Amino acid sequence: MTARGGTSPVLIAGGGIGGLSTAIALSRRGFRVTLLERSAFAEESGAGIQLGPNATRALRQLGTLDAIEAQAFRPEAIWLFDAISGKRLATMPLGDRVEERYGAPYLTLHRADLHAGLLQLCQSHASIELKSDFEVTGVEERDAGITACAADGRSAEGSMLIGADGLWSSLRARAAPGAMPRFAGQTAWRALLPRAQAPSPYDAPVVGLWLGPGAHLVHYPVRGGKDLNLVAVVEGGEPAHGWNQQGDRAALLANFARWAEPPQSLLNMAESWRVWSLHRLRPLPRWSAGRITLLGDAAHPVLPFLAQGAALAIEDAVALAASLDACGGDRALAFPRYEALRRKRAEQVQRAAEQYGRLYHLGGPARLLRNLLLERRRGVTLLNGFDWLYAVESRTG
Ligand SMILES: Cc1cc2nc3c(=O)[nH]c(=O)nc-3n(C[C@H](O)[C@H](O)[C@H](O)COP(=O)(O)OP(=O)(O)OC[C@H]3O[C@@H](n4cnc5c(N)ncnc54)[C@H](O)[C@@H]3O)c2cc1C
């Protein structure tokens with residue numbers, strides 16, 4: 001296939017889930033890509049990830065679903081519990097139900113497996129050049145193109161630059177000067193356990209969601225079912241950057257002293273926890289400026305209560321490549337088209353994630369009312385309530 005967009009490649013800053021997906025999506029549409037990643041393409045968060053059918057449908061469009069699914073797990077349901085009483089409140093079916101309704105699976109997997117699957121596919125595309133240890137520290141825009149510069153003096157030339165550089169994006173300032181993520185007052189703790197060590201009900205092939213006042217816990221199988229991933233989110237904590245901070249286990253466990261014995265014993269089993277401060281960012285007035293546009297967490301970080309941040313980044317990738325393709329590689333036409341396809345969707349998911357967070361952490365009489373309503377809902381009705389989120393092919397172009 002002839003390269004699109006002339007001889008100049010599309011530059012992507014950031015080789016996380018969004019950047020790698022974008023490289024694949026563009027390459028499949030005939031564009032040449034140079035992807036600049038500040039690390040050695042390592043996914044070091046040591047954590048799991050859930051991918052709803054909107055994400056797996058987009059991965060299928062990228063031609064990577066089969067490889068990724070081989071490392072993943074297909075949970076049969078989400079079990080919702082009240083964390084204080086320990087009572088199971090509702091069961092939302094996943095597995096075949098999701099596949100039948102949305103035409104794509106619900107998967108849980110290790111982030112490193114998702115990242116490695118995307119990276120391998122990038123490496124197999126001749127039109128994608130990967131540059132590691134390249135931190136974009138400067139950008140020079142000209143009439144004819146754009147140059148991304150690294151601190152060590154290296155540079156890369158392209159026709160446009162996609163900022164897929166995550167929550168702490170430095171390219172965001174180009175489109176929205178002064179926009180900074182603010183600490184959401186919540187902290188996520190993550191751990192992995194061998195699944196064979198986990199007693200019932202944690203050996204079940206499901207996602208477990210324990211709802212408590214001011215905190216919740218999610219667990220699900222990863223690594224094809226060999227390990228169990230735990231994510232606990234609690235109100236409070238100190239704002240900090242990055243994934244790789246070791247958490248103080250005793251401080252975490254103190255938040256769960258009032259919880260029922262089964263989730264407490266699960267939390268006790270994990271020896272090593274990593275901490276992540278949650279941040280929110282107001283919707284940006286625009287994602288693009290000149291030859292630069294943003295994607296994934298750089299454009300619209302999402303609180304993790306709906307497990308949708310990476311899903312949105314993968315959807316963005318498909319939509320951006322489709323827009324550039326439809327506009328013959330002309331970014332001046334394609335960027336507004338991409339934003340029109342994606343902004344409302346991203347803002348809707350951001351808002352919904354905040355609302356779910358509040359619902360998960362209710363205390364007092366509101367908690368009891370929530371529980372009652374959940375107990376009255378049929379599982380299938382619960383699933384159908386996510387149609388707006390999971391059935392969205394048209395919004396990716
Ligand atoms: C606790 C928690 C749980 C979550 N669970 C889920 C889930 O279950 N499902 C889901 O879909 N999402 C989930 N998310 C969200 C998801 O992790 C993010 O939305 C997703 O990783 C965003 O991808 P990205 O590519 O935009 O950014 P990132 O994954 O952050 O990637 C950015 C990349 O850019 C690189 N980079 C940064 N600056 C530069 C630079 N100047 N030059 C070059 N490279 C640079 C970084 O090294 C990194 O590789 C969760 C998030 C949290 C906090």
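The values are calculated or read from the model by the stated rules, or taken from the named source; none is laboratory data. What you are looking at is a predicted structure, and each value in this text was computed from that prediction instead of being measured. Heads up, the Cβs are rebuilt from the backbone with ideal geometry, glycines too, and the neighbour counts pull from every protein chain shown. For accessibility, only protein heavy atoms count, side chains too; no ligands or nucleic acids. Shrake-Rupley method; radii C 1.70, N 1.55, O 1.52, S 1.80 Å.
Sort the range 194-234 into rounded, prolate or oblate with this rule: let a ≥ b ≥ c be the square roots of the eigenvalues of the Cα gyration tensor; rounded if a/c is under 1.5, and if a/c is not under 1.5, prolate when a/b is larger than b/c, oblate otherwise. Walk me through the intermediate numbers first.
Numbers: a/c = 2.55, a/b = 2.02, b/c = 1.26.
The shape class here is prolate.
Round to a whole number: what % of the accessible area of the chain belongs to carbon and sulfur, probe 1.4 Å? Please report the intermediate quantities before stating the final value.
Values: 7970 of 16030 Å².
Carbon and sulfur: 50 percent of the exposed surface of the chain.
Note down the nm distance, to one decimal, between modelled labels 7 Å out along Cα→Cβ at Trp168 and at Ala391.
Placing both labels 7 Å beyond Cα along the Cβ direction yields 4.1 nm.
For the charge dipole of the chain, defined by +1 on Lys and Arg C-beta atoms and -1 on Asp and Glu C-beta atoms about the Cα centroid, which residue among Leu80, Ala42, Thr22 has the Cα displaced farthest towards the positive pole?
Leu80
Calculate the FRET efficiency for Thr7 and Ser132 from the Cβ-Cβ distance with a Förster distance of 30 Å, rounded to the nearest 0.05. It would help to have the intermediate numbers written out before the result.
Details: r = 24 Å, r/R0 = 0.78.
The computed FRET efficiency comes out at 0.80.
Per 10 Å bin, what is the whole-percent P(r) computed from every C-alpha pair distance within the range 123-175?
Result returned by the calculation: 21, 53, 25, 1.
Nearest 20 debye, what's the magnitude of the dipole of the range 131-239 about its Cα centre given +1 on Lys and Arg Cβ and -1 on Asp and Glu Cβ?
Values: 10 positive and 12 negative charges, 76 e Å.
Roughly 360 debye, rounded to the nearest 20.
Run the simple label-point estimate for Asp203 and Arg351 please: 7 Å along Cα→C-beta, distance reported in nm.
Between Asp203 and Arg351, the label points sit 4.5 nm apart.
Taking the Cα centre of the range 15-150 as origin, work out the dipole magnitude from +1 charges on Lys and Arg Cβ and -1 charges on Asp and Glu Cβ, in debye rounded to 20.
Charge dipole of the range 15-150: 420 debye, to the nearest 20.
Taking the range 1-152 as the region of interest, what is the percent of Cα-Cα pairs per 5 angstrom bin, listed from the shortest bin to the one with the maximum distance?
2, 9, 15, 16, 16, 13, 10, 8, 5, 4, 2, 1, 0
Checking the cross-link filter: which lysines have an alpha carbon closer than 29 Å to that of Lys226, excluding same-chain neighbours under 8 positions apart?
Those lysines meeting the cut-off are Lys87.
Rank Ala319, Cys122, Gly225 by how far each Cα sits towards the positive end of the charge dipole of the chain (+1 on Lys, Arg Cβ; -1 on Asp, Glu Cβ) and give me just the farthest.
So the residue we want is Ala319.
Can you tell which of Arg274, Arg258, Arg174 shows the greatest fluctuation in a Gaussian network model of the chain with Cα springs below 10 Å?
Arg258
Which residue, Val139, Met92, Pro105, has the largest displacement toward the positive end of the dipole of the range 92-145 when charges sit on each Cβ (Lys, Arg +1; Asp, Glu -1)?
After comparing all options, I get Met92.
What percent does the relative contact order of the chain come to when contacts are Cα pairs within less than 8 Å and at least six residues apart? Walk me through the numbers on the way to the answer.
Details: 857 pairs, mean separation 88.3, N = 397.
22 percent.
Just to be sure I understand: with springs between alpha-carbon atoms less than 10 Å apart, which residue in Ala270, Ala298, Ala25 has the highest mean-square fluctuation in the Gaussian network model of the chain?
Most flexible of the set in this elastic network: Ala270.
Please list, in order, the residues from the range 222-240 whose amide nitrogen is less than 14 Å from a point placed 7 Å along the Cα→Cβ vector of Ala254.
Backbone N within reach: 235-238.
When the dipole is taken about the Cα centre of the chain, and only Lys, Arg (+1) and Asp, Glu (-1) are charged at their Cβ, what size is it in debye, to the nearest 20? Display every interim value, and only then the final one.
Details: 44 positive and 38 negative charges, 214 e Å.
Dipole of the chain, to the nearest 20 debye: 1020 debye.
Helix check for the chain. Which DSSP H runs span at least 24 Å along their own axis by Cα, with a mean Kyte-Doolittle hydropathy no less than 0.0? Kindly include the intermediate steps, with their values, before the conclusion.
Details: long enough: 309-326 (25 Å, 1.27); 331-360 (42 Å, -1.10).
Sorted by number, the helices that extend far enough and score high enough are 309-326.
Indicate the gyration tensor shape class of the chain (rounded, prolate or oblate), computed on the Cα atoms with a ≥ b ≥ c the square roots of the eigenvalues: a/c under 1.5 is rounded; otherwise a/b larger than b/c is prolate and the rest oblate. If you can, show how the numbers build up before the last one.
Values: a/c = 1.88, a/b = 1.72, b/c = 1.09.
It is prolate, given that a/c is not under 1.5 and a/b is the larger ratio.
Full extension from Ala289 to Val380: what is 0.36 nm times the residue separation minus their Cα-Cα distance, to one decimal in nm? Show your work: numbers first, answer last.
Numbers: separation 91, 0.36 × 91 = 32.76 nm, distance 4.36 nm.
The Ala289-Val380 span can extend by a further 28.4 nm.
Take every Cα pair under 8 Å in the range 248-397 that's 6+ residues apart, average their separations, divide by the length, and report that relative contact order as a whole percent. Display every interim value, and only then the final one.
Working: 105 pairs, mean separation 32.4, N = 150.
The normalised contact order for the range 248-397 reaches 22 percent.
Where does the longest stretch of the chain lie that holds no chymotrypsin sites (Phe, Trp or Tyr not before Pro) found in a DSSP loop with 16 or fewer other Cβ atoms within 10 Å?
Working: sites that count: Trp168, Trp243.
Excluding the exposed sites themselves, the longest stretch runs over 1-167.
Suppose R0 equals 45 Å; then what is the FRET efficiency for Ser39 and Ser85 from their Cβ-Cβ distance, rounded to the nearest 0.05? Display every interim value, and only then the final one.
Working: r = 44 Å, r/R0 = 0.98.
Calculated transfer efficiency: 0.55.
How far is it, in nm, from the label point at Ala196 to the one at Arg280 when both lie 7 Å from their Cα along the line to the Cβ?
Distance between the two pseudo-spin positions: 4.4 nm.
Would you mind telling me which residue in His361, His241, His279 has the biggest mean-square fluctuation in a Gaussian network model of the chain, where springs connect alpha carbons within a distance under 10 angstrom?
His241
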